[in-house]
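Since the structure comes first, as structure tokens, the remarks are kept for the end.
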Amino acid sequence: MRLNQNTLLLGKKVVLVPYTSEHVPRYHEWMKSEELQRLTASEPLTLEQEYAMQRSWREDADKCTFIVLDAEKWQAQPGTTEESCMVGDVNLFLTDLEDPTLGEIEVMIAGGGPPVSAPSWSSVSPK
């Protein structure tokens, strides 16, 4: 969604950044996992299909995707790539375009960061 293309949300444990082409290789590696495919009701995609999906989500008017970064790792070293700090994603589906306060949210923590409960809750918690 273009609405969040310049949005960065900084929390105590996680940082949410827009899903860009920089994130696709790591995301694609995660989604090779049969368990993650099952848990997210996803089909396996080729790397090229994953890039196309990322572009599609960027243009979609009713979906907003953020990549979840481990905040401690991201802030610890200037110049650290976002890809190396990735732990999951957050998807927001707007269910009523007339009322942008209504939607569905999905959180996937794929790994590589703090225990699952901390980043997943921090990804959607207002505090």
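The values are calculated or read from the model by the stated rules, or taken from the named source; none is laboratory data. The shown structure was predicted, so the numbers you read here are calculated from the model rather than taken from an experiment. Cβ sites come from the backbone with ideal geometry, for glycine too, and all protein chains shown count toward neighbours.
Within segment 79-90, does at least one residue satisfy the condition of being of a type in the set (Gly, Ala, Ser) and modelled with pLDDT under 90? Give the derivation first.
Kept after step one, since they are of a type in the set (Gly, Ala, Ser), are these residues of segment 79-90: 79, 84, 88.
Keeping just the survivors that are modelled with pLDDT under 90 gives 79.
Yes.
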Item to check | Among (1) within 15 Å of Val17 (Cβ to Cβ); (2) more than 14 Å from the chain's Cα centre (by Cα); (3) not in a helix (DSSP H, G or I), the one test that Gln75 misses | outcome: (3)
Next on the checklist: So the check is Cβ under 7 Å with 6+ separation or different chains; which pairs have a first residue in segment 1-28 that's over 17 Å from Lys63 (Cα atoms) and a second one that's of a type in the set (Ser, Thr, Tyr) and buried (at least 19 other Cβ atoms within 10 Å of the Cβ)?
Outcome noted: Gly11/Ser122; Lys12/Ser122; Lys13/Ser122; Val14/Ser122; Val14/Ser123
Checklist entry - Among the residues of segment 107-125, is any at pLDDT 90 or above and among the aromatic types (Phe, Trp, Tyr)? => result no
Item to check | Those residues of segment 1-40 which are of a type in the set (A, V, I, L, M) and buried (at least 18 other Cβ atoms within 10 Å of the Cβ), in sequence order | outcome: Met1, Val14, Val15, Leu16, Val17, Val24, Met31
Next on the checklist: Quick check on my filter: what residues within segment 1-59 are hydroxyl-bearing (Ser, Thr, Tyr) and not in a helix (DSSP H, G or I)?
Outcome noted: Thr7, Tyr19, Thr20, Ser33, Thr40, Ser42, Thr46
Item to check | Every pair of residues 6+ apart whose Cβ atoms lie under 7 Å, when the first sits in segment 87-102 and is without any contact (Cβ under 8 Å) to a residue 24 or more places away in the chain while the second is of a type in the set (S, T, N, Q) | outcome: Leu102/Thr95
Checklist entry - Being polar (S, T, N, Q) and touching a strand residue (DSSP E or B) at 6+ places or on another chain (Cβ under 7 Å), is that true of even one residue in segment 64-77? => result yes
Next on the checklist: Among the residues of segment 5-21, are any closer than 22 Å to Leu102 by Cβ and β-branched (Val, Ile, Thr)?
Outcome noted: yes
Checklist outcome for this item: (1) exposed (fewer than 13 other Cβ atoms within 10 Å of the Cβ); (2) touching a residue at least 60 places away in the same chain (Cβ under 8 Å); (3) touching a helix residue (DSSP H, G or I) at 6+ places or on another chain (Cβ under 8 Å) all hold for Ala61 apart from (3)
Checklist outcome for this item: Restricting segment 43-54 to residues that are surrounded by 14 or more Cβ atoms within 10 Å (Cβ to Cβ) and free of Cβ contacts under 8 Å to residues at least 24 places away in the same chain, the one nearest to Ala76 (Cα to Cα) turns out to be Met53
